[in-house]
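Student: Below: one structure in structure tokens.
The values are calculated or read from the model by the stated rules, or taken from the named source; none is laboratory data. Here the structure is a predicted model, which means the values were calculated and not measured. Note: ideal-geometry Cβ built from the backbone for every residue, glycine included; neighbour counts use all protein chains shown.
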Amino acid sequence: MSDLKGSDLENTTYDAQQLVQEITTGEEKAPKVNVEADYERSKQFDVAEIDRTEAGAQAAADATAMSGAASSSTATPSETGDPADFLQMAKEVTPKEEK
């Protein structure tokens, strides 16, 4: 109900208060709630119908597949600990000054 504002919220609150009063006076029956049954029925919506098909599986695979080529270098300067590697990395990321 957090998306309700102004008069919508007031009307909803008023309607709820009216229902409580009608239930209290016996004019209206209290709704019966079966949480376990509702939970079991909700499970049918946990996965989209398309995801249960081969097309859905393929779409998921395509969406999560890595795109682009992986870097050929596997070790980073911090992994090798070699100061020359850090120097080389700094040269690659720092633009050369033109004189």
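Student: Kindly list, by first and then second residue, each pair from a residue in the stretch 7-29 that is modelled with pLDDT of 90 or more to a residue that is part of a helix (DSSP H, G or I), limited to pairs with Cβ atoms under 7 Å and residues at least 6 apart or on different chains.
Tutor: E28/L19; E28/E22
Student: Name, by its number, the condition in (1) surrounded by 10 or more Cβ atoms within 10 Å (Cβ to Cβ); (2) part of a loop (DSSP other than H, G, I, E, B); (3) modelled with pLDDT of 85 or more that does not hold for V47.
Tutor: (3)
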